[in-house]
Structure formats: C-alpha cells, structure tokens
Amino acid sequence: MTQTDRPLPVDTAIARLVDQVRASLAQGDLDDPLVVGIHTGGVWVANALHRALDCQEPLGRLNITFYRDDFRTLGLHPQVSPSDLSVDVDGRDIILVDDVLFTGRTVRAAMNELFDYGRPRRIALAVLYQRNGRELPICADWLGQELELGDNEQIHVDGPEPMTARIVINEET
C-alpha cells in the first residue's frame, strides 16, 4: 500500500472559523464563552481561535482517552496527559474545538467529559475540517472547510507550529 498526500489550506480554514465565531459573538449568540480544545489537534486549533478572539480566560484542554467508546479495543496510549479545565463550566457557554469531525465519536466523548466538570448552558462546536462519514448525529456550528472524501482518504493535521493539514490517500499497489 502506498500513500500520496494533498495539502489543505489551514490558515484559510482558521480564518473562516474566526470570522464565523466573531459573527456569532456580535449577534449575541454566545455569552462570554469558554474555549475548550480536544487533545491534540483540537487544542492546536483552539489555541489559534483563543488568540484571535483575544479571550481573557485560560484555554481549556480535554483529553478524552478514557471516554472513548473504543478504549478497550485501542488500549491506553503510553503518553496520556490529563485534561486541564480550570474554569467552572456550570451555566457557561462552551466553544468545543476539534481539528476534524468525522464519525462524531470524539465529540461525543468530549461532551461526556465536559459534563463530568459541570453542566454548561450551551456547547457549540467549531471544527477545522468536517468530512462525510458521520455515525452519530453531530455537526459543527462553525467549520473551516467541509470535505467529501473517499473511504481510502483521511485528514491528518500536524502541529502545533506550524500547523499543517493534508489529505492522505491510501492506494492499493
């Protein structure tokens, strides 16, 4: 099996996300939101969003390893880092950020963990790339780019600085 790569425009996708979230803030759709990224790529995207929006509160970070529904199948990654959510989430608007929305299972796991910290007023989802293949009824409130990919294609986001993204195509040889 060989791989070929196609680059994706990260800066353009982040700029779109920032513009969409700013518009929602200007319309009053969110009240003093807390930005929370999903480990690892979601934290990179959340950090860029957090800086661009000039948020005053610290960036939240979720490591959803123990909340995944495939945890028993995949096992424990040797470098599991703890979540960092130092701000109370009760009654708060949360901007949950991930790099790629595919099946929806990662976002479901992140929401389960968020509710262990408290009961947010609202959770809105920002993703850098949304692709076809949803298994759960989850979609982004804001997205940088939507992609239709084949079964043999995946999106890889690398970072944190510089953050790059590419479509990896696995070809049969």
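Each reported figure results from applying straightforward, stated rules to the coordinates on display, with no laboratory input. These numbers come from a predicted model, not from an experiment. Every residue, glycine among them, receives a Cβ derived from its backbone with ideal geometry; neighbour counts consider all protein chains shown.
Descriptive notes on the structure:
- Using alpha-carbon coordinates, inclination of helix 105-117 to the longest axis of the chain, degrees: 30
- Footprinting exposure proxy for Tyr129, Tyr67 (fewest neighbouring C-beta atoms within 10 Å first): Tyr67, Tyr129
- Candidate values [x] 31, 18, 14; [y] 26, 20, 14; [z] 29, 23, 14, label of the one derived for semi-axes √(5λ) of the Cα gyration tensor in Å: [y]
- For segment 99-170, trypsin sites (Lys or Arg not before Pro) meeting the loop criterion (DSSP other than H, G, I, E, B) and having at most 12 other Cβ atoms within 10 Å: none.
- Axis angle, to the nearest 10 degrees, between helix 10-26 and the longest C-alpha principal axis of the chain: 30 degrees.
- Extension gain for the segment Arg6 to Asp88, taken as residue separation times 0.36 nm less the Cα-Cα distance, is 25.5 nm to one decimal.
- Mean residue ellipticity at 222 nm, helices only, the chain: -8000 deg cm²/dmol; runs of at least 4 DSSP H residues each add -39,500 (n - 2.57), and the sum is divided by the number of residues.
- Theoretical FRET efficiency, 1/(1+(r/R0)^6), r = Cβ-Cβ of Ala26 and Phe66, R0 30 Å, to 0.05: 0.20
- Of Asp11, Asp29, the sequence from fewest to most neighbouring Cβ atoms within 10 angstrom is Asp11, Asp29.
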